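Asker: Structure incoming, see below.
The values are calculated or read from the model by the stated rules, or taken from the named source; none is laboratory data. Keep in mind that what you see is a predicted model, and the values were worked out from it rather than measured. Note: ideal-geometry Cβ built from the backbone for every residue, glycine included; neighbour counts use all protein chains shown.
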């Protein structure tokens, strides 16, 4: 757990993400972590993952109907970046299942309920 200001403790986004992946994989869903970003290679060049800026942390599909969903994972106090909001607006405009999950319960609600834009 990551400590935040004094005695209050909240889970890190990484810990929440791991819990969500495990829970959804046991809940008739396939779920994948989307690594987004750039790294500098030893020769000085940059390698870009190829996913667009703002792409959510997790992408998956429900075994029951094959519907795809996207989940942006945030800690209790985590804030969305502007590029994440732009990506949300694109998903929202197409009625794609997606949302912000700050817990396993949020993620299950998004996937099971077919919610669009939960938590944005």
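Asker: I need a count of the residues in the range 92-114 that are out of contact with any strand residue (DSSP E or B) (no Cβ under 6 Å at 6 or more places or on another chain) and within 16 Å of residue 23 (Cβ to Cβ).
Answerer: Of the residues in that region, 9 qualify.
Asker: Another question, if that's okay. Can you tell me how many residues in the range 54-75 are in a loop (DSSP other than H, G, I, E, B), surrounded by 13 or more Cβ atoms within 10 Å (Cβ to Cβ) and in contact with a strand residue (DSSP E or B) (Cβ under 7 Å, 6 or more places away or on another chain)?
Answerer: 5
Asker: Follow-up. Looking at (1) surrounded by fewer than 16 Cβ atoms within 10 Å (Cβ to Cβ); (2) part of a helix (DSSP H, G or I); (3) in contact (Cβ under 8 Å) with a residue 12 or more places away in the chain, which is the only condition residue 95 fails?
Answerer: It is condition (2) that residue 95 fails.
Asker: Answer yes or no: is there a residue in the range 26-36 that is in contact with a strand residue (DSSP E or B) (Cβ under 9 Å, 6 or more places away or on another chain) and at positive phi.
Answerer: yes
Asker: Of the numbered conditions (1) modelled with pLDDT under 95; (2) in a strand (DSSP E or B); (3) under 13 Å from the mean Cα position of the chain (by Cα), residue 35 fails exactly one; give the number of that condition.
Answerer: Exception for residue 35: condition (2).
Asker: Here's something else I'd like to know. Would you confirm whether or not the range 8-30 contains a residue that is closer than 14 Å to residue 120 by Cα, touching a residue at least 12 places away in the same chain (Cβ under 8 Å) and surrounded by 14 or more Cβ atoms within 10 Å (Cβ to Cβ)? Lay out the reasoning, then the answer.
Answerer: Quick first cut of the range 8-30, residues closer than 14 Å to residue 120 by Cα only: none.
Within the range 8-30, none of the residues are closer than 14 Å to residue 120 by Cα, touching a residue at least 12 places away in the same chain (Cβ under 8 Å) and surrounded by 14 or more Cβ atoms within 10 Å (Cβ to Cβ).
Asker: Give me the pairs, please: first residue somewhere in the range 39-56 and touching a residue at least 24 places away in the same chain (Cβ under 8 Å), second residue anywhere and outside any loop (DSSP other than H, G, I, E, B) and surrounded by 11 or more Cβ atoms within 10 Å (Cβ to Cβ), beta-carbon distance under 6 Å, and either six or more positions apart or on two chains.
Answerer: Correct list of pairs: 53/83; 54/83; 54/84; 54/86; 54/87; 56/70; 56/71; 56/72.
Asker: Another question about this same structure. Within the range 76-91, which residues are part of a loop (DSSP other than H, G, I, E, B), out of contact with any strand residue (DSSP E or B) (no Cβ under 8 Å at 6 or more places or on another chain) and under 15 Å from residue 36 (Cβ atoms)?
Answerer: Selection gives 81 alone.
Asker: Those residues that are assigned to a loop (DSSP other than H, G, I, E, B), touching a strand residue (DSSP E or B) at 6+ places or on another chain (Cβ under 9 Å) and surrounded by 10 or more Cβ atoms within 10 Å (Cβ to Cβ), I need them from the range 38-53; list them, please.
Answerer: 49
Asker: Okay, next question. Under the condition of being under 21 Å from residue 36 (Cβ atoms) and out of contact with any helix residue (DSSP H, G or I) (no Cβ under 7 Å at 6 or more places or on another chain), which residue from the range 103-120 is surrounded by the fewest Cβ atoms within 10 Å (Cβ to Cβ)?
Answerer: Ranking the candidates gives 106 first.
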